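S.K.: Pasting in a structure now, in structure tokens, and then I'll have a few things to ask.
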Amino acid sequence: MEGMLTPNPGLMIWTLIIFAILSVILVKFAFPVILNALKTREEGIANSIKNAEEANKKAELILAESQKKFDNAQADISELIANGKKQAEEIVLKASQDAEDVKKSKINNALKEIERNKQEAILALRREVADLVMEATGKLLNEKLDKDKHQSMVESYIDKLPKN
């Protein structure tokens, strides 16, 4: 066991030579590949971070634009509702005014019709009264009166009567 703890100069030299050769091989062939892979990975991570930041900015812009469109749409809807209510009120008011105009027109027509019927009734009553007066006068006088002459005379007397 003592032989294992004592240094062997030949073994040390060969160990140093193999270590040096291995180090040269690693520096010449392995380290450039490893460094290249690390650099590529670093660039990939940097690009991924950059792309993620750009995507985040785009998402924020799209979100802001969507919010703006949503707000505009809500404002448009509110305006449409207000305009619809206003138009409905105008239609109701116009319909009410039209109904009032129709009512007034019907009332005026009815009053005109009543007045016309009243005048016709008054004329018919005057004729009837004139005929009755002539007939009564004829019976009183026991003679036949000239209808046209005496009727115009009776009508002139009736026209002089007060009108109510």
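No lab work stands behind these numbers, since they all come straight from the coordinates. Quick caveat: nothing in here was measured; it's all calculated off a predicted structure. Don't worry about glycine lacking a Cβ; one is built from the backbone with ideal geometry, like all the others, and counts go over all protein chains shown.
S.K.: Once you put a point 7 Å from the Cα of residue 34 and another 7 Å from the Cα of residue 50, both along the Cβ direction, what distance in nm separates them?
M.R.: With each label placed 7 Å out from Cα toward Cβ, I get 2.8 nm.
S.K.: Moving on. Between 15, 40, 137, which gets the highest mean-square fluctuation from a Gaussian network model of the chain, Cα cutoff 10 Å?
M.R.: Of the options given, 15 has the highest mean-square fluctuation.
S.K.: What ranking of 158, 122 emerges when the number of other C-beta atoms within 10 Å of each C-beta is taken as an exposure proxy, fewest first?
M.R.: Going from least to most buried by this count: 122, 158.
S.K.: Can you tell me the dipole magnitude for the chain around its Cα centre, using point charges on the Cβ only (Lys, Arg +1; Asp, Glu -1), in Debye to the nearest 20?
M.R.: Value, rounded to 20: 220 debye.
S.K.: Which longest uninterrupted range of the chain lacks any trypsin sites (Lys or Arg not before Pro) assigned by DSSP to a loop state (not H, G, I, E or B) and surrounded by at most 15 other Cβ atoms within 10 Å?
M.R.: My reading of the result: 1-143 is the longest stretch.
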